[in-house]
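Participant: One structure coming up, written as structure tokens, with questions to follow.
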Amino acid sequence: MTRSRLEDPRPVAGDRVAAWMKAKLAERGLTDTDLTASSCEDEGEGPSPAEQAAQKRIPYDYRHAVASHPQVTAWVNRIASGAVAPDLGGRGRREIAHGPSLLLWGPTGTGKTHQAYGAVRALTAAGCAARWQATTAADLYGAMRPRPGVDVEHQLRRIVRVPLLLLDDLGAAKPSEWTEEMTFRLLNWRCQNRLPTLITTNLPPVRSERIHPQARVLRDMVGDRVLSRLSGMCEAVELTGPDRRYAAA
Ligand SMILES: Nc1ncnc2c1ncn2[C@@H]1O[C@H](COP(=O)(O)OP(=O)(O)O)[C@@H](O)[C@H]1O
Ligand SMILES: [Mg+2]
């Protein structure tokens with residue numbers, strides 16, 4: 001096709017900017033899908049960009065996790081139906097607002113982390129969990145250790161405020177006054193602001209007659225103040241059964 005004299009032979013400005021951005025992203029090993037992931041609504045068939053981006057951040061073992069526990073699916077439905085769109089005249093992605101949290105507890109290998117990632121995937125698929133973060137409690141403490149050149153307070157503020165948080169394996173790390181304080185600051189804010197949080201732990205939350213007197217409970221590991229916030233914000237979901245890792249081996 002021949003161009004008329006009035007046509008600019010160069011790509012239009014928008015295309016040039018897009019090409020420039022693509023090149024810059026490629027330098028960092030990213031694609032433009034990674035960028036749009038946090039701002040696009042699900043359109044049409046197939047996984048949305050947000051789902052695709054979420055998938056990459058989920059550990060390999062849990063990339064196809066499906067939340068099948070009735071209490072977990074009920075929670076997902078409740079959080080998804082409470083998600084709100086920003087006041088942009090109907091435009092803009094729905095975002096998780098306020099809601100209850102879940103404490104998934106039970107022995108190792110019963111599927112707690114699987115259920116938690118299944119819930120994150122379901123909320124992402126429902127188009128309302130573009131901003132979420134997952135960490136084990138031990139990794140969180142590691143990342144928050146004060147060290148030169150890192151503004152850990154800034155990092156803590158970010159994770160404390162993320163709309164959806166998965167805090168995996170609470171109570172597994174060796175406790176100290178410092179870990180208790182970190183956990184308290186994180187959960188106190190999230191409790192006071194009703195920010196949905198999925199927490200998993202291998203420990204029963206509190207002592208009962210079912211528990212061996214010498215066995216540890218979550219309260220022993222995180223302290224009374226944290227346990228009080230957990231009981232204020234969470235519905236407890238007990239997972240039982242054999243260790244699925246042994247069953248799979
Ligand atoms: N409902 C499920 N269907 C299929 N695989 C599962 C299911 N629940 C757990 N698994 C698998 O079993 C293993 C243990 O589950 P995980 O969630 O890590 O247990 P926990 O967090 O309770 O220690 C993992 O490899 C996980 O992928
Ligand atoms: Mg786990």
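The values are calculated or read from the model by the stated rules, or taken from the named source; none is laboratory data. Every value quoted in this text rests on a predicted model; they were computed, and no experiment measured them. Neighbour counts are summed over all protein chains in view; Cβ atoms, including those assigned to glycine, are modelled from backbone coordinates with ideal geometry. Heads up: the accessible areas ignore ligands, DNA and RNA and are worked out on the full protein's heavy atoms, side chains in. Shrake-Rupley method; radii C 1.70, N 1.55, O 1.52, S 1.80 Å.
Participant: Run the quick spin-label model on Lys174 and Val160: label points 7 Å from Cα toward the beta carbon, then report their separation in nm to one decimal.
Facilitator: So the label points at Lys174 and Val160 sit 2.7 nm apart.
Participant: Okay, moving on. Rg and Dmax of region 126-182, Cα atoms, in Å?
Facilitator: 12.6, 41
Participant: First compute the accessible area of region 48-248 with a 1.4 Å probe, then give the percent of it belonging to carbon and sulfur atoms.
Facilitator: On the way: 5370 of 10360 Å².
The value for region 48-248 is 52 percent carbon and sulfur by accessible area.
Participant: Another question, if that's okay. Taking H as built 1.01 Å from N, whose amide H comes closer than 5 Å to the amide H of Leu239, not counting residues under 5 places away?
Facilitator: Those lying under 5 Å, H to H, from Leu239 are Trp105, Gly106.
Participant: On to the next question. Please report, largest first and rounded to whole Å, the three semi-axes of the ellipsoid equivalent to region 124-249, where each semi-axis is the square root of five times an eigenvalue of the C-alpha gyration tensor. Please list the in-between numbers first.
Facilitator: Details: eigenvalues 124, 74, 50 Å².
They are 25, 19, 16 Å, listed from largest to smallest.
Participant: Once a ≥ b ≥ c are taken as the square roots of the eigenvalues of the Cα gyration tensor of region 103-144, is the result rounded (a/c under 1.5), prolate (a/b larger than b/c) or oblate (a/b not larger than b/c)? Write out the running numbers ahead of the final one.
Facilitator: Numbers: a/c = 3.43, a/b = 1.19, b/c = 2.88.
Oblate shape, in that a/c is at least 1.5 and b/c is the bigger or equal ratio.
Participant: Using heavy-atom solvent-accessible surface (probe 1.4 Å) with all chains present, what is the largest-first order of Lys174, Lys112? Don't skip to the answer; put the middle values down first.
Facilitator: On the way: Lys174 180, Lys112 10 Å².
Largest accessible area first, the residues go Lys174, Lys112.
Participant: Report Rg/Rh for region 194-241, rounded to two decimals, where Rg is the Cα radius of gyration and Rh the Kirkwood radius.
Facilitator: Details: Rg = 11.3 Å, Rh = 11.8 Å.
Dividing the radius of gyration by the Kirkwood radius yields 0.96.
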